[in-house]
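Read through the structure below, which is laid out as structure tokens, and then see the notes.
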Amino acid sequence: MAETEALEYITEHERILQEIESTETACVGPTLRSVYDDQPNAHKRFMEKLDARIRNHDREIEKMCNFHHQGFVDAITELLKVRADAEKLMVTAQTEEMIRCRVQQRNIATTVEKLQLCIPVLEMYSKLKEQLESKRYYAALKTMEQLENVYIPRVGQYRFCQIMAETLPKLREEIKDISMSDLKDFLESIRKHSDKIGETAMKQAHQHRTFNSAVQKQANSVYCNPPYMFNGKASNQDNEYGVDEDYENDEEVLTAQDLVDFSPVYRCLHIYTVLGDRETFENYYRKQRRKQARLVLQPQSNMSYCTDPDLVLELKNLIVIFADTLQGYGFPVNRLFDLLFEIRDQYNETLLKKWAGVFREIFESDNYSPIPVENEEEYKSVISRFPFHDAEIEKQQFPKKLPMSQSVPQIYIQVKEFIYASLKFSESLHRSSTEIDDMLRKSTNLLLTRTLSCCLQNLIKKPHIGLTELVQIIINTTHLEQACKYLEDFITNITNVSPETIHTTRLYGLSTFKDARHAAEGEIYTKLNQKIDEFIQLADYEWTMSESDGRASGYLMDLINFLRSTFQVFTHLPGKVAQTACMSACKHLSTSLMQMLLDNELKQISMGAIQQFNLDVIQCELFASSEPVPGFQGDTLQLAFIDLRQLLDLFMVWDWSTYLADYGQPTSKYLRVNPSTALALLEKMKDTSKKNNIFSQFRKNDRDKQKLIETVVKQLRSLVNGMSQHT
């Protein structure tokens with residue numbers, strides 16, 4: 001057992017020694033502690049074991065030293081030999097170190113010098129960045145110029161400078177884009193607030209114009225100082241002239257310039273100027289401003305044609321203020337005044353349309369009867385509105401009637417109102433009196449020759465306008481024509497331009513009213529004929545009657561009575577008009593009666609019907625000879641029925657031998673009877689059927705007479721054929 005324990009101790013100590021030999025010195029403590037932790041006296045055994053191990057290692061060291069001793073001696077000998085060379089080598093090393101230090105010092109100095117050149121570049125670049133961040137773009141561009149022209153060329157060989165130089169053009173483009181963006185923002189803001197800015201500017205221009213006008217009136221009467229001498233400055237005379245102190249105090253008034261900050265424009269201008277691209281900026285800016293101007297002035301697409309003259313006049317006033325505003329800022333305004341002249345034409349057109357409605361209302365409300373005046377007051381009221389003078393009517397006692405109807409003074413007043421309305425457009429246009437006079441006369445001529453003339457023509461053509469109304473219209477136009485000279489004087493009093501001036505335009509109202517009068521006269525003739533046709537349609541002849549009634553037909557007597565009463569109304573018309581109307585009516589009546597006889601629908605006519613027809617024509621001749629309208633000479637009016645008279649006489653007398661013998665002679669008794677007319681009527685009287693005929697008794701009693709009729713028919717046909725061959 002003891003032996004076994006001794007072996008275990010030996011083995012354990014061997015292990016501990018191996019750990020001590022292989023472990024670092026700092027870790028030996030725990031290993032040694034394990035020796036003392038064992039049984040008592042164990043450390044003694046370990047110490048013995050340790051001494052034995054130390055002696056063993058000493059022997060191995062001694063052996064190794066003996067083995068390498070000779071080599072050590074040889075090495076020492078070699079060191080002694082190279083001592084001198086080592087000292088020399090040491091001196092050489094010191095020299096090289098000195099040279100290296102000198103080179104290093106030189107490099108440092110060069111580096112410092114180069115850095116001193118680079119530092120300003122970096123400082124300027126830092127300054128550039130700061131300027132860009134603070135949006136001082138114009139200063140930044142100047143800094144870029146210094147970098148490119150002064151600083152970078154000094155150190156351009158360095159990479160960071162090359163990068164910096166490549167960056168500067170990009171920065172310029174960024175600045176250019178930013179400034180353009182600011183300019184666009186400015187333009188957008190201007191467009192957004194243009195209404196307010198324009199309103200303010202135009203209000204100031206209008207106030208300044210009003211102020212100057214007031215000052216001019218006062219100055220002309222007191223000081224004779226031109227109004228523009230004040231220039232909006234406050235003076236001791238402001239209160240005297242009634243000038244608004246708020247307007248005159250420039251410090252308190254917010255002007256149009258105060259509403260606009262033009263700094264973005266100036267900044268962009270400076271930037272583009274520095275970049276050498278000022279022309280591009282100016283072209284773009286002007287183009288955009290022109291677009292904005294067109295957008296402001298361009299009418300809306302859904303804006304209908306203006307027909308209100310008051311609205312056009314208001315537009316004109318706004319354009320005048322706008323022109324004054326632009327002129328105050330130094331802009332040319334000639335084209336605006338050219339536009340005003342175009343608007344003037346439109347204004348006149350709207351006035352003409354408005355007055356066309358006024359005239360229509362006047363004509364529709366007129367009773368087309370002479371104006372009754374009960375006393376002197378009513379008479380003066382009429383002549384105060386219309387220049388009427390008639391010595392015979394003035395001598396008459398009240399109550400009396402004036403020849404014209406109520407529409408005449410109303411038309412005259414409205415023409416004067418039109419002249420006033422047309423004059424309003426010329427205000428503030430700086431036109432001479434001659435130009436204003438010419439404009440008023442031209443516009444008045446348009447009113448008379450186009451608007452009033454058209455209204456009169458339409459009135460005359462209306463179905464409800466009868467003969468009485470047409471007669472009154474002719475009388476009215478006569479008095480309106482006479483009043484034209486008073487309208488000339490009215491315009492002269494407004495413009496103070498003598499009508500004798502060589503360039504003065506004359507009023508064309510005379511031709512207007514003459515044309516209307518002629519149209520009314522023609523309409524009278526037409527309506528008379530239409531009325532005659534209405535009576536003719538009432539005719540109910542018994543064409544196969546054996547004998548006449550012994551008196552004229554009722555329809556014809558009614559027609560003659562109508563004509564007689566109608567021509568009595570014509571006594572107020574000019575003589576030639578009444579005579580022409582009467583002659584026209586008689587000729588139309590004669591023609592209508594002739595057509596009735598020769599109507600193709602009429603197949604048979606008896607001698608009794610011819611006799612009845614003759615009685616009617618006799619009444620027509622009696623009417624013509626009764627002088628229904630004075631002024632006809634002799635039997636002039638009766639000649640309207642000469643064709644009918646000669647034809648009826650030929651058949652009533654049965655004077656065919658005379659007719660055939662004298663045919664073609666200027667002294668023929670039946671000169672107005674055409675062979676074809678006679679043949680047509682004779683054919684209607686022949687016995688072409690077995691019915692009772694006017695010639696039946698002739699055939700029974702005298703067949704020779706029947707042969708004569710046949711002979712007459714043949715001869716008439718021969719004459720008709722001869723006429724057709726000659727034609």
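Once the chain from residue 81 to residue 668 is taken as fully extended at 0.36 nm per residue, the excess over their C-alpha distance is 192.4 nm. Using the Karplus relation 6.51 cos²θ - 1.76 cosθ + 1.60 with θ = phi - 60°, the per-residue 3J(HN,Hα) values for the range 621-633 come to 5, 5, 4, 5, 7, 7, 6, x, 10, x, x, 7, 9 Hz, with x marking Gly and Pro. With the simple spin-label model, which puts each label point 7 Å out from Cα in the Cβ direction, the residue 442 to residue 167 separation comes to 7.1 nm. For a straight C-alpha distance cut-off of 18 angstrom, the lysines reachable from residue 203 (same-chain residues fewer than eight places away being disregarded) are 233, 316. For residue 371, the residues whose modelled amide H falls within less than 5 Å of its own, excluding neighbours fewer than 5 places apart on the same chain, are 402, 404. To the nearest 20 debye, what is the magnitude of the charge dipole of the range 85-137 about its Cα centre, counting +1 on the Cβ of each Lys and Arg and -1 on the Cβ of each Asp and Glu? Roughly 440 debye, rounded to the nearest 20.
In this label model, residue 291 and residue 150 are separated by 4.1 nm, measuring between points 7 Å along each Cα→Cβ vector. How far is it, in nm, from the label point at residue 511 to the one at residue 568 when both lie 7 Å from their Cα along the line to the Cβ? Inter-label distance under the simple model: 4.1 nm. Shape verdict for the range 38-170, please, from the Cα gyration tensor: rounded (a/c under 1.5), prolate (a/b greater than b/c) or oblate. Judged from the Cα gyration tensor, the range 38-170 comes out oblate (a/c at least 1.5, b/c at or above a/b).
For a Förster distance of 41 Å, can you work out the FRET efficiency between the beta-carbons of residue 191 and residue 158, rounded to the nearest 0.05?
Numbers: r = 49 Å, r/R0 = 1.20.
Between residue 191 and residue 158 the formula returns 0.25.
Rolling a 1.4 Å probe across all protein chains gives residue 191 an accessible area of roughly 90 Å².
Roughly how many percent of the accessible protein surface of the range 350-462 is carbon and sulfur, given a 1.4 Å probe and a whole-percent answer? If you can, show how the numbers build up before the last one.
Working: 2690 of 5540 Å².
Of the solvent-accessible surface of the range 350-462, carbon and sulfur hold 49 percent.
Exceeding 18 Å between C-alpha atoms, which entries from my cross-link table qualify? They are 416/514; 531/603; 686/707. Intermediate values should be presented prior to the final figure.
Details: 416/514 20 Å; 531/603 27 Å; 686/707 12 Å.
Table pairs above 18 Å Cα-Cα are 416/514; 531/603.
Cross-link reach is defined here as a Cα-Cα straight distance under 12 Å, omitting same-chain residues fewer than 8 places apart; for residue 576 the aspartates and glutamates meeting it are 521.
Would you mind checking 380/401; 401/461; 135/184 for any pair whose Cα atoms are more than 25 angstrom apart?
In this structure, 401/461 lie more than 25 Å apart at Cα.
Of 384, 369, the residue with the largest accessible area leads and the full order is 384, 369 (1.4 Å probe). Here residue 98 sits with roughly 120 square angstrom of accessible surface, probe radius 1.4 Å.
Please give the per residue accessible area of the range 324-387, computed with a probe of 1.4 Å over protein heavy atoms only, in Å². Show your work: numbers first, answer last.
Numbers: 3720 Å² over 64 residues.
The answer is 58 Å² per residue.
Computed with a 1.4 Å probe on the full set of protein chains, the accessible area for residue 623 sits at about 10 Å². Which of the lysines could a cross-linker bridge to residue 49, judged by Cα under 22 Å and excluding same-chain residues fewer than eight apart? Straight-distance partners of residue 49: 63. On a per residue basis, the convex hull of the C-alpha atoms belonging to the range 383-534 measures out at 132 Å³. Extension gain, residue 72-residue 587: 0.36 nm per intervening residue step, less the Cα-Cα distance, totals 167.7 nm. Computed across the range 335-400, the Kirkwood hydrodynamic radius from all distinct Cα-Cα pairs reaches 15.5 Å.
The values are calculated or read from the model by the stated rules, or taken from the named source; none is laboratory data. Since the structure is predicted, the reported quantities are computational estimates derived from the model, not experimental observations. Glycine gets a Cβ as well: all are built from the backbone with ideal geometry, and neighbour counts include every protein chain shown. Surface areas here come from the heavy atoms of the whole protein model, side chains and all, with no ligands, DNA or RNA. Shrake-Rupley method; radii C 1.70, N 1.55, O 1.52, S 1.80 Å.
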